[in-house]
């Protein structure tokens, strides 16, 4: 009995083990299949719309309109006319100076005075000489009148009558000479005061108190009427585009701007640099703008030549990368496409700078208007109204996992 029981139990054990080994792999394979199916259904059930945008931007359309055509030039600021004020008295000493450099003077204002004592003495002497000549002339005229009365009676000879008439003419000539001498001394007295020949600004002073100067010595220099002009250097190719009366905008080195009008275009061109001068009268208001422009300084300006039709975009919609200009076109799927453009003129419109697009994009195309410096080609963006983006700093692009 014992020998028959052992084989039966051994066969049953082998049977159970074989059945268990068959069932367990099947269950494990079913579980793995269920997990894979669940993962697949989860991934397929997640919509693409839940992808996070890289940046919140505002949109604008590429516009078109009239844009001014300008010619840029460089040049120097100079006085319209600089008057030289000199001395008309010789050998006189300067006693007083009334003005200094930078003073604004009026026409006829006294600028300097010379010592007038010697001139006044000469003037008194000339007056006395005139009085003596006039007295002598009265006597000569009376004698000549009596001689004319006796000429018909023959009481005196013709020779004596001729002498009286000659003495009369000589006396009158001496009176005229004395008057001329008196006028000279009066002019000398007048010239002891140096007056401004015109209104303007004193730009230089060479005179010093106590100096004895000769006739014609330079005392002051003055910018007539305080007028300044901008002498722009324009190439010979562009010189024909400018005419008298055109407007120009001139910028000082500190950034201050003022308006001007072309007064004259030079009739010749410099043979060294093949450029001609354009004289522009500056219109300087009486504020800090006038102080920003001084004769001799360098200035940059633009001439307004007219206007033409152009495709324009806001300056903030352009990003420069690797030396080229780009904009980001907005697609219907809220993604952006980087587009290379060629820019041209620039213009201020209602405080916003507009840039002309020469090629690369058409009018009416919708582009990103803000945050373009953080965008890349193909980025997903979120559009908001322009007012919602005012004052908000652009967000950084979302990190890609």
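Residue-by-condition table, conditions (1) over 17 Å from residue 281 (Cβ atoms); (2) touching a residue at least 24 places away in the same chain (Cβ under 8 Å):
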site: 204; (1), (2): yes, yes
site: 223; (1), (2): no, yes
site: 251; (1), (2): no, yes
site: 264; (1), (2): no, no
Mind listing just one residue for me: the one in region 305-364 that is touching a helix residue (DSSP H, G or I) at 6+ places or on another chain (Cβ under 8 Å) and closer than 30 Å to residue 246 by Cα and, of those, modelled with the lowest pLDDT?
352
Just checking, how many residues over region 243-255 are surrounded by 14 or more Cβ atoms within 10 Å (Cβ to Cβ) and at pLDDT below 90?
0
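Yes or no: residue 370 closer than 30 Å to residue 255 by Cα, in contact (Cβ under 8 Å) with a residue 24 or more places away in the chain and not in a strand (DSSP E or B)?
On the way: closer than 30 Å to residue 255 by Cα: yes; in contact (Cβ under 8 Å) with a residue 24 or more places away in the chain: yes; not in a strand (DSSP E or B): yes.
Taking the combined requirement at face value, the residue satisfies it.
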Does region 260-275 hold any residues that are closer than 14 Å to residue 302 by Cα and surrounded by fewer than 17 Cβ atoms within 10 Å (Cβ to Cβ), and which are they?
261
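What are the residues in region 190-218 that are over 30 Å from residue 263 (Cα atoms) and assigned to a strand (DSSP E or B), if any?
Step one: list which residues in region 190-218 are over 30 Å from residue 263 (Cα atoms), which gives 190-194, 206-217.
If the condition is that a residue be over 30 Å from residue 263 (Cα atoms) and assigned to a strand (DSSP E or B), then 193, 194, 212, 213 are the ones that fit.
If you scan region 259-275, which residues turn out to be more than 19 Å from residue 247 (Cβ to Cβ) and touching a strand residue (DSSP E or B) at 6+ places or on another chain (Cβ under 9 Å)?
Of all residues in region 259-275, those more than 19 Å from residue 247 (Cβ to Cβ) come to 267-275.
Within region 259-275, 267, 268, 269, 270, 273, 274, 275 meet the criteria.
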With (1) part of a helix (DSSP H, G or I); (2) in contact with a strand residue (DSSP E or B) (Cβ under 7 Å, 6 or more places away or on another chain) as the list, and residue 222 as the residue in question, which single condition is left unmet?
(1)
Strands (runs of 3 or more DSSP E) wholly in region 306-354 with at least 2 residues that are free of Cβ contacts under 8 Å to residues at least 24 places away in the same chain, surrounded by 12 or more Cβ atoms within 10 Å (Cβ to Cβ) and at positive phi - which ones?
none
Which residues, counting only those in region 209-225, are farther than 12 Å from residue 86 by Cβ and either under 37 Å from the mean Cα position of the chain (by Cα) or at pLDDT 95 or above (or both)?
223, 224, 225
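Residues of region 275-295 being touching a helix residue (DSSP H, G or I) at 6+ places or on another chain (Cβ under 8 Å) and at pLDDT below 90, which ones? Explain how you work it out, then say what you get.
First pass over region 275-295, keeping only residues touching a helix residue (DSSP H, G or I) at 6+ places or on another chain (Cβ under 8 Å): 275-276, 278, 284.
The one that is touching a helix residue (DSSP H, G or I) at 6+ places or on another chain (Cβ under 8 Å) and at pLDDT below 90: 284.
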Residue 101 vs. criteria within 34 Å of the chain's Cα centre (by Cα), under 28 Å from residue 231 (Cβ atoms), crowded, with 17+ Cβ neighbours inside 10 Å and not assigned by TED's automatic domain parsing to the domain that holds residue 334
no
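Does any residue of region 177-189 turn out to be closer than 30 Å to residue 296 by Cα and in the same structural domain as residue 102 (by TED's automatic domain parsing)? Lay out the reasoning, then the answer.
Within region 177-189, the first condition is being closer than 30 Å to residue 296 by Cα, and the residues that meet it are none.
No: zero hits.
Tally the residues that are under 30 Å from residue 186 (Cα atoms) and either surrounded by 16 or more Cβ atoms within 10 Å (Cβ to Cβ) or touching a strand residue (DSSP E or B) at 6+ places or on another chain (Cβ under 8 Å) (or both), restricting the search to region 142-170.
Initial filter on region 142-170 (under 30 Å from residue 186 (Cα atoms)): 167-170.
Then keep just the ones that are either surrounded by 16 or more Cβ atoms within 10 Å (Cβ to Cβ) or touching a strand residue (DSSP E or B) at 6+ places or on another chain (Cβ under 8 Å) (or both); that gives 167-168.
Of the residues in that region, 2 qualify.
Table: residues versus (1) closer than 24 Å to residue 90 by Cα; (2) in contact (Cβ under 8 Å) with a residue 24 or more places away in the chain; (3) out of contact with any helix residue (DSSP H, G or I) (no Cβ under 9 Å at 6 or more places or on another chain).
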site: 137; (1), (2), (3): no, yes, no
site: 147; (1), (2), (3): no, no, no
site: 154; (1), (2), (3): no, no, yes
site: 159; (1), (2), (3): no, no, yes
site: 163; (1), (2), (3): no, no, no
site: 167; (1), (2), (3): no, yes, no
site: 171; (1), (2), (3): no, yes, no
site: 177; (1), (2), (3): yes, yes, no
site: 184; (1), (2), (3): yes, yes, no
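Just wondering, is there one or more residues in region 171-194 that are touching a strand residue (DSSP E or B) at 6+ places or on another chain (Cβ under 6 Å) and buried (at least 16 other Cβ atoms within 10 Å of the Cβ)? Give the steps one after another, and end with the answer.
Going residue by residue through region 171-194, those that are touching a strand residue (DSSP E or B) at 6+ places or on another chain (Cβ under 6 Å) are 192-194.
Pick out the ones that are also buried (at least 16 other Cβ atoms within 10 Å of the Cβ) and you get 192, 194.
Yes, region 171-194 has at least one match.
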Residues that are at pLDDT 90 or above and over 30 Å from residue 289 (Cα atoms): find the strands (runs of 3 or more DSSP E) completely inside region 20-89 holding 1 or more of those.
82-86
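The values are calculated or read from the model by the stated rules, or taken from the named source; none is laboratory data. Just so you know, these numbers come straight off a predicted model, no measurement behind them. Neighbour counts run over all protein chains shown; Cβ positions are idealised from the backbone, glycine included.
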